[in-house]
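Structure first, then comments.
The values are calculated or read from the model by the stated rules, or taken from the named source; none is laboratory data. Fair warning: this is a prediction, and the values are worked out from it, not measured in the lab. Counting neighbours? That spans all protein chains shown, and the Cβs are built from the backbone with ideal geometry, glycine included. To get the accessible areas, we keep the full protein, side chains included, count just its heavy atoms, and leave off ligands, DNA and RNA. Shrake-Rupley method; radii C 1.70, N 1.55, O 1.52, S 1.80 Å.
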Amino acid sequence: MSRTPPPSNLEQSIASKVGRRLTPFLALLYVFCLIDRTNVSIAALQMQPALKFSNEVYGTGAGIFFLGYFLFEIPSNLILERVGARRWIARIMLTWGILSSAMMFVRSPASFYTLRFLIGVAEAGFFPGVVLYLTYWIPATSRARAMARFLALTAIFGLFGNPLGAALLKLDGWHGLGGWQWLFVLEGIPSMLLAFAVLAYLPDNPAAARWLTDEERQWLAQRLAREAGHEHAVHHFTLRTALTEPRIRHLCLVFILSSTGGNAVGFFAPKLLKAASGNTWDDSFVSLMLVLPAIVGAIAIVSASAHSDRTGRRTGHVLVGYLIAGGGFLACAVAPGPWGIIGALAIFTLGERIAAGSYWALTTNLLGARAAAGGIAMINSIGNLGGFIGPKLMGWLVDRTGGYTVGLYTAAGLMVCAAALGALLKRQPVYPQDVDEG
């Protein structure tokens, strides 16, 4: 096995500065992205009985977000590359914050579906935009660790999301509004405010970063230019490339399988946990306890991605991670009581986070810089269709079987399939010193 050589002093200096100045800020933005995307799972504990939505209606509404995301992901990411990260990320955050707060006005399945779809349209391009943005600053050999830091900080910052949701549900009845309504409106406001912080703080590219020295900017430009010209990268992204390039199709398939399984359970996790408690745990306590798997995930992604960067074993981490994640869902199906469910969800999160950093490092490395804007968006948008399929499928299965067991076994099978396909990802070096031996 060939190991990735240690980074140069300049690379270490740049990575350190990016880690201090950009990564925490981007992670904070993404936390509110995830909160406003997934807070419907916490709100559903009160909203679903209040509005008398079936599990299938709830699952469809939770998942229809991803249809809007899918349709506008690629145009959004290409616009980001054209107009600059600072302005476009600010626009994304402002519109999704407004629409997320507007969820307090949901009264019918039609209004539920419409607003969730529009939130997906508004948010489209954010995560792949961040992944693309990091490729402007981080050489290929350090990307798994950079993604790990970003995702780990997201997990750490996001630990307050469930306690916040739990507290907001307790506002039920205040000023005549349900707790679920307060949750939506108050969790949308920070995203609107952060949009203005983006305009003031975020540089569009390294050339605009005054905190990099001239030597660091020159070294980074030369290094990224060399990586962009590597023969194994996908040099130009077009629709034809997306449809004919085997690596893009393969990456899309891995992601859509894991996304379908993960979202099928993720959007129903609070309801699953409450049902496992025999409905003895109140809504706020259920929300609070879901922070425990997130802590496991934050620890896992840091250690696993550091090992991925050190050894170059990207595909190995994807394989092992998704297998563990599938095992977590199997454990959910047989777990004794709510604490067993929490433990099983922690196993899933452990495995999914082991895979995540290496998957996105492998994705950006195989595409190359020239194809990254469209390619990342294509992979993320197609993969995230699993976010529509998964919750809708789980809701349908729960309504027809009266329980979660069949859905959990289905989700476990999807994760195992993602692991098998992840192990077959083409193992090519991004440049001669960065060897992935699987």
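Some notes on this structure:
- Short-range pairs are left out: with C-alpha atoms under 8 Å and at least six residues apart, the relative contact order of the chain is 28 percent.
- Within the accessible area of the chain (1.4 Å probe), percent carbon and sulfur: 65
- Here the chain is treated with +1 on each Lys and Arg Cβ and -1 on each Asp and Glu Cβ, and its dipole about the Cα centre works out to around 340 debye.
- Cα gyration tensor shape for the range 162-205, rounded if a/c is under 1.5, else prolate or oblate: prolate
- Proximal lysine pairs, the chain, alpha carbons under 25 Å, eight or more residues apart or interchain: 8
- Cα gyration tensor, the range 240-336 - rounded (a/c under 1.5), prolate or oblate: prolate
- Value of D in µm² per second that Stokes-Einstein yields for the range 9-50, Kirkwood Rh from Cα pairs, at 4 °C (1.567 mPa s): 102
- Estimated from helical segments only, the mean residue ellipticity of the chain at 222 nm is -26000 deg cm²/dmol, where each DSSP H run of four or more residues counts as -39500 (n - 2.57).
- The shape of the range 68-170 comes out oblate: with a ≥ b ≥ c from the C-alpha gyration tensor, a/c is at least 1.5 while a/b does not beat b/c.
- Excluding exposed DSSP-loop GluC sites (Glu not before Pro) (at most 15 other C-beta within 10 Å), longest clean stretch of the chain: 1-230
- Between Ser111 and Arg226, the distance separating the two model label sites (each 7 Å from Cα on the Cα→Cβ line) works out to 5.9 nm.
- Given their separation in residues at 0.36 nm each and the Cα-Cα distance between them, Leu193 and Ile299 gain 35.2 nm when the chain is fully extended.
- Inter-label distance for Arg249 and Phe160, nm, one decimal - labels placed 7 Å from Cα along Cα-to-Cβ: 4.7
- Intensity falloff of the range 1-132 expressed as log10 I(q)/I(0), Debye formula with alpha-carbon point scatterers, at q = 0.10, 0.12, 0.18 Å⁻¹: -0.43, -0.57, -0.96
- Figure legend: label point modelled 7 angstrom from the Cα of Val83 along Cα→Cβ; residues of the range 108-123 with amide N under 16 Å from it are 121-123.
- Between the range 95-119 and the range 162-176, the alpha-carbon center distance in angstrom: 19
- Between Leu177 and Ala306, the modelled labels are 4.3 nm apart [label points 7 Å from Cα along Cα→Cβ].
- In the context of the full set of protein chains, the chain has a per residue accessible area of 37 Å² (1.4 Å probe).
- Answer label, with Rg and Dmax of the Cα atoms in Å calculated from the coordinates and candidates [x] 20.9, 64; [y] 24.2, 94; [z] 31.3, 116: [x]
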